[in-house]
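K.L.:
Below is the structure I would like to discuss, written out as structure tokens.
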Amino acid sequence: MRNWLIGQALFMLSLGLSSLLVYWLLGLRYFYLLAMFAGIANIVLIAGPICAVVLASAVALLDSPEKLVGVIVFFAVYFQVESVFLSPRIMKHTLNLAPLAVIIALSLGGALAGVLGALISVPTAALVMVLADEYLVQRKPAASAATAAE
């Protein structure tokens, strides 16, 4: 579980820093607060980033429609990059899960239980991998050693 939290912290940091840079380049008011909120809200899957998009879009709209378009384009690109590139690599590194396993876990979790399923799918997949490694892979050599001794 600790490694999953480290992975989530990396996601939060990547969104917060990239938001800070883009908001600053767009000249968005309160860019530092909006970026900090986006990073912190990213811990809550799906609902957190949606709140960050809505809040940043509202602030951008108060300035100009061009800034609103910039914020929406940034989030669209960022979340594509996160889901295709960052998520499989960070989860592979922190949880030792293959990128395909992360994608399958997210797909199955989301399809079976919606938002809640997506929230718990990757930690559950990591738990299943640890249990499988501990009880299926680790016990085989011990079992074969016991049969060899007989």
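K.L.:
Return an integer: the convex hull volume of the alpha-carbon atoms of segment 28-95, in Å³ per residue. Don't skip to the end; give the middle numbers.
P.N.:
Details: hull volume 5.3 nm³, N = 68.
Output value, Cα hull per residue: 78 Å³.
K.L.:
Moving on to the next point. Given the whole protein assembly as supplied and a 1.4 Å probe, what does the accessible area of Ile6 come to in Å², nearest 10?
P.N.:
80 Å²
K.L.:
What does a probe at Asp63 reach in segment 22-37, counting residues whose amide N is under 12 Å from the point 7 Å along Cα→Cβ?
P.N.:
The answer is 22-35, whose backbone nitrogens lie closer than 12 Å to the label point.
K.L.:
Between 0 and 90 degrees, rounded to the nearest ten: what's the tilt of helix 2-26 against the longest Cα principal axis of the chain?
P.N.:
20 degrees
K.L.:
Still on this structure, I have one more. Working from Cα positions, state the angle (0 to 90°, nearest 10) between the long axis of helix 47-63 and the longest principal axis of the chain.
P.N.:
10 degrees
K.L.:
Also: Counting pairs of alpha carbon atoms under 8 Å apart in space and at least six apart in sequence, what relative contact order in percent does the chain give? Walk me through the numbers before you get to the answer.
P.N.:
Working: 137 pairs, mean separation 27.0, N = 150.
It comes to 18 percent, rounded to a whole number.
K.L.:
Could you work out the local net charge near Ser14, counting Lys and Arg as +1, Asp and Glu as -1, over the other residues with Cβ closer than 14 Å to its Cβ?
P.N.:
Details: positive: Arg89; negative: Glu82.
Around Ser14, the charge tally is 0.
K.L.:
Moving on to the next point. Between segment 69-100 and segment 106-131, how far is it from one alpha carbon centroid to the other, in angstrom?
P.N.:
17 Å
The values are calculated or read from the model by the stated rules, or taken from the named source; none is laboratory data. Please read these numbers as outputs of a predicted model, since none were measured by experiment. Heads up, the Cβs are rebuilt from the backbone with ideal geometry, glycines too, and the neighbour counts pull from every protein chain shown. Note: accessible area is taken over every heavy atom of the protein model, side chains too, but ligands, DNA and RNA are not part of it. Shrake-Rupley method; radii C 1.70, N 1.55, O 1.52, S 1.80 Å.
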